[in-house]
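Notes for the one structure printed next.
The values are calculated or read from the model by the stated rules, or taken from the named source; none is laboratory data. No experiment lies behind these values; they were computed from the predicted model shown. Cβ placement follows ideal geometry from the backbone for every residue including glycine, while neighbour counts extend to all protein chains displayed.
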Amino acid sequence: MSCFHPHREDVNFHRHGVGHSTGKTRWTKIAWSYARFFFSGTNPLSKRKTGGEEVYGHKEWLLGDGHVVGHGEVESTYSSFRLSFESQLEAEETGGTDNSSTSLMIPDDTRENQRLIMLKCRRLQSLERTISPIVVIAGLVRFQYQDILVATRNFQEERVLGRGALSCIYRASMRRGRGRRCKKLTVAIKKIHGSDKESFKTFSRELMIAGSLKKNPNSHVVPILGFSIDKEGLFLVYKYVAGGSLDLRLHPGSGNDDDQLSWIVRFKVALGTGRAVEYLHTGSDRCVIHRDIKPSNILLSSKNNPKLCDFGLATWIQRASMPFQCKNVRGTFGYLAPEYFQHGELSEKTDVYAFGVVLLELITGRKPIDIDKPCGDQNLVLWAKRITEKTCGAVVVEDLVDPRLKTSFYNHNEMRRTICAAFACLKNEPSERPTISNVLNMLCGDCGKQ
């Protein structure tokens, strides 16, 4: 396609689309003259009215990189160009010669923008109604968007603590109270990406679950402090935990073992995280399934107390022992229970399996999936199970323990109990796994109780 010579005129076309209501969309029509144009396919001629004038032309074709690449309805892709062959008479007379012409029609974004704005307003209103009860019950603070901007210094890149598929977390400083009672508080602000239906559902679910947990707080769960709902974005405000994530402390990736976690700290993390999971499963009216238990979602305080965070994938189920069928499997590969990953069956045992993987990480110092390991040893769970199979199920501490711990003191009884608990959590059949309460009993000394 070459030698374009455009001129413009504004026209109104009736929209036509299967399954869509009929309405008017304003388009800007640009007529192009060009030297040569090749196309393939046989499309029926369609008739449209512009004002009182009937216009005959082929159905629209998508124009991309100067070539016809497909066809679609006028309203199906607003950001795409539509190519319409101008008239049946001209097409017949020219036969696609150098004198033929086409019309490039670009939709006027004004009405579409207005529609999107109205849709977003309705979603905001619906969100306000949904979260209103829990906001009152949990006593959550509502922050203004301006407060968020000031606290994050206009979302300064240096303040980013972490990024996820649906969110970004910033370290921020906020003021609470007035006058002499005003205090400066360091918080973690979670910004939810997007403004579509899924983003609103994610925000609503996380706020309601985190808010419900605040009614009866647990010292091993990061508490939510407040939120912000604005046309500029959706934000959740959590208490800031200064020690960083277990993932960074356990797998520093620098080759420097000076800051490696001692076994005393690791066992403390195991117990604290287990108590956090137990609280989710049994501490409120409904069982909360976290669905993403992993070291990067376990934060350590300045005294190395573990705090479970990130309820973006968490969900409620009515009965802990009754599996719930999920349409969409979400979580992190390497921590997903077999029945959940393969069949979408979700229950409290899904979290138990993930907790078992975390226990193995604390024991071995290895990641759940490590492509740098030799072939066959890259999957932590399969590698560990293969070691126990060689010893007929006997627990061989020295074969599993993190080499960095071998040069320092560790309690052999605690290590054996932790290995025992980890393998119990990692049973393939969910019915064979213990509840998280029984896992804690195993860690504390009752290895046989399930």
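Remarks
- Residue match in the stretch 223-231 (condition: of a type outside the set (Asp, Glu), assigned to a helix (DSSP H, G or I) and surrounded by 16 or more Cβ atoms within 10 Å (Cβ to Cβ)): no
- Residue pairs whose Cβ atoms lie under 7 Å apart, separated by 6 or more positions or on different chains, with the first residue in the stretch 385-414 and farther than 14 Å from residue 363 by Cβ and the second in a loop (DSSP other than H, G, I, E, B) and at pLDDT 70 or above, are 408/262.
- Test: residue 191 is charged (D, E, K, R), assigned by TED's automatic domain parsing to the domain that holds residue 130 and modelled with pLDDT of 85 or more: yes
- Meets criteria (of a type outside the set (A, V, I, L, M), within 24 Å of residue 276 (Cα to Cα) and surrounded by fewer than 16 Cβ atoms within 10 Å (Cβ to Cβ)) for residue 202: no
- Residue within the stretch 149-169 that is touching a Leu at 6+ places or on another chain (Cβ under 7 Å) and without any contact (Cβ under 8 Å) to a residue 24 or more places away in the chain present: yes
- Enumeration of residues in the stretch 331-362 that are surrounded by fewer than 15 Cβ atoms within 10 Å (Cβ to Cβ) and either closer than 19 Å to residue 295 by Cα or not assigned by TED's automatic domain parsing to the domain that holds residue 429 (or both): 333
- Of the set (1) exposed (fewer than 15 other Cβ atoms within 10 Å of the Cβ); (2) touching a Phe, Trp or Tyr at 6+ places or on another chain (Cβ under 8 Å), all apply to residue 171 but (1).
- The set of residues in the stretch 324-375 that are of a type in the set (A, V, I, L, M, F, W, C), more than 18 Å from the chain's Cα centre (by Cα) and not in a loop (DSSP other than H, G, I, E, B) comprises 324, 352, 355, 357, 358, 359, 360, 362, 363, 369.
- Residue in the stretch 418-431 that is of a type outside the set (A, V, I, L, M), at pLDDT below 95 and more than 36 Å from the chain's Cα centre (by Cα) present: no
- Count - residues of the stretch 187-217 that are outside any helix (DSSP H, G or I) and under 22 Å from residue 230 (Cα atoms): 10
- Residues that are more than 20 Å from residue 426 (Cα to Cα) and either touching a strand residue (DSSP E or B) at 6+ places or on another chain (Cβ under 9 Å) or touching a residue at least 40 places away in the same chain (Cβ under 8 Å) (or both) occur in the stretch 326-342; there is at least one.
- Condition check for residue 311: surrounded by fewer than 16 Cβ atoms within 10 Å (Cβ to Cβ) and aromatic (Phe, Trp, Tyr): no
- Of the helices (runs of 4 or more DSSP H) that lie entirely inside the stretch 54-165, those containing 2 or more residues that are within 30 Å of residue 332 (Cβ to Cβ) and modelled with pLDDT of 50 or more span 109-138, 145-152.
- Qualifying residue in the stretch 400-412 (condition: assigned by TED's automatic domain parsing to the domain that holds residue 297, within 19 Å of residue 430 (Cβ to Cβ) and not β-branched (Val, Ile, Thr)): no
- Selection within the stretch 156-168 - surrounded by 13 or more Cβ atoms within 10 Å (Cβ to Cβ) and under 16 Å from residue 234 (Cα atoms): 164, 166, 167, 168
- Looking only at residues of the stretch 168-179 that are among the small types (Gly, Ala, Ser) and at pLDDT 90 or above, we find that the one that is nearest to residue 309 (Cα to Cα) is 172.
- Among the residues of the stretch 415-440, the ones that are without any contact (Cβ under 8 Å) to a residue 24 or more places away in the chain and within 14 Å of residue 362 (Cα to Cα) come to 0 in all.
- Here the condition is being of a type outside the set (Lys, Arg), touching a Ser or Thr at 6+ places or on another chain (Cβ under 6 Å) and either closer than 16 Å to residue 248 by Cβ or outside any strand (DSSP E or B) (or both); of 280, 271, 313, 299, it holds for 299 alone.
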